Amino acid sequence: MKHIALFGLLLFLFSSCEKDEVRVVANAEGTGASLSASANSVVLEKTKAADKAIDFTWTKADFGYSAALTNTLQLDLAGNNFSNPKEVVFAGGINAKSYTVIELNALLLSMDLPTGANSNVQARLKSVVTGTDAMAPVYSNVIDLTVNPYPLISFVYVPGAYQGWTPASADSLVSLTSNNIYTGVINFPAGSTEFKITPAKNWDVAYGDAGNGTVSTSAGSNLSVPEAGMYRLTLNLNDYTFAAVKHSWGIIGSATAGGWDADTDMIYNNGTQTWSLTTDLAAGEIKFRLNDDWGTNYGGSNGNLVQGGDNIAIASAGRYKITFNLNNNTYTVVKL
């Protein structure tokens, strides 16, 4: 009986070792997919938005046994070693993805690539076993791409109490590169601080407050700012987050009605992304200030803005139209 028991123990130990060895081999033999692209150089044109731009196809990664996989297409600038890739996730049953010109253009713009110029981008496929992190991801071969996206401005709209809850006439937030991040400045009067955000000038779809700085189309509550004032709104539809921060520019100085003690607020145009004001000025000087505070101020000369720069001279009294543009650091002061 002792021999039989010993033999049984040896069989058990051998069986256990064999199972452990199988698991090790499964890990060690994991190999990435084989990725291919229909083109290695893509110049995108707005007039061909609906045309096919590129096809990605791949084989199934092999982890040494049959497993459900999740695949992620990764794109990053050449030389970054995929340290901060743009990712598109696919279920394991999918082995190809086609992009139209407008779809690929939006994807590239979300990587903050320059428009109208070539960028060298690399693509690869990351594969993981679905539902577990016990096995490390495997990666495909890397494909080198030369891409040239075009600029594409897009808008969302902000109907609210400040303008009568009318989407057709609501102010907008703008994304200059259609990277799904929209910004704009809106003035909310006292008692009119609630609003929603719509992707079109209608109520078909509306984003509301989902809590903790997030938005959702299924959330019923209105978005709001804490008090009256001018706010910079930022909507990020990559992660469905939202932020509102007080943000106003004004002029201050001996030429203004408030002198050096109080700002005269300017008005923001979300379409042109410029601030402007038509007001009476005396002979004297002015500067531009952010949020009624000297922490951020601009002066300058000859129409060129300089942070913390010299006071801007106003030669004679009269009615003036003033513009302020931080996109190109310029200003105008035109007597009417």
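Values of log10 I(q)/I(0) for region 66-136 across q = 0.12, 0.14, 0.16, 0.26 Å⁻¹ run -0.39, -0.52, -0.65, -1.24, by the Debye formula with one identical scatterer at each alpha carbon and no solvent. Would you tally the net charge around ALA243, using a Cβ to Cβ cut-off of less than 13 Å, leaving ALA243 out, and scoring K and R as +1, D and E as -1? Charge balance in the 13 Å sphere: 0. Kirkwood radius, region 101-189, all distinct C-alpha pairs, inverse of mean reciprocal distance: 16.5 Å.
Would you calculate a helix-derived [θ] at 222 nm for the chain, using -39,500 (n - 2.57) for each DSSP H run of n ≥ 4 and dividing by the full residue count, to the nearest 500?
Details: 2 runs with 36 residues, N = 336.
So the calculated ellipticity at 222 nm is -3500 deg cm²/dmol.
Where the eigenvalues come from the Cα gyration tensor of region 144-271, what are the semi-axes √(5λ) of the equivalent ellipsoid, largest first, in whole Å?
Details: eigenvalues 161, 90, 34 Å².
Semi-axes, largest first: 28, 21, 13 Å.
Using only Cα atoms and rounding to the nearest 10 degrees, what angle (0 to 90) does helix 2-28 make with the longest principal axis of the chain? Result, in degrees: 40.
For the chain, the alpha-carbon radius of gyration amounts to 1.45 times the rule-of-thumb value 2.2 N^0.38 Å expected for a compact globular protein. Using a probe of 1.4 Å, the accessible surface attributed to VAL333 totals some 40 Å² when neighbouring protein chains are kept in position.
The residues packed around SER254, meaning those with a beta-carbon under 12 Å from its beta-carbon, carry a net charge of -1 if Lys and Arg are +1 and Asp and Glu are -1.
Compactness of region 256-336 was expressed as the Cα radius of gyration divided by 2.2 N^0.38 Å, which yields 1.01.
The values are calculated or read from the model by the stated rules, or taken from the named source; none is laboratory data. The structure presented is a predicted model; accordingly, all values stated were derived computationally and were not measured. Neighbour counts run over all protein chains shown; Cβ positions are idealised from the backbone, glycine included. Protein only, heavy atoms only, side chains kept; ligands, DNA and RNA dropped before computing areas. Shrake-Rupley method; radii C 1.70, N 1.55, O 1.52, S 1.80 Å.
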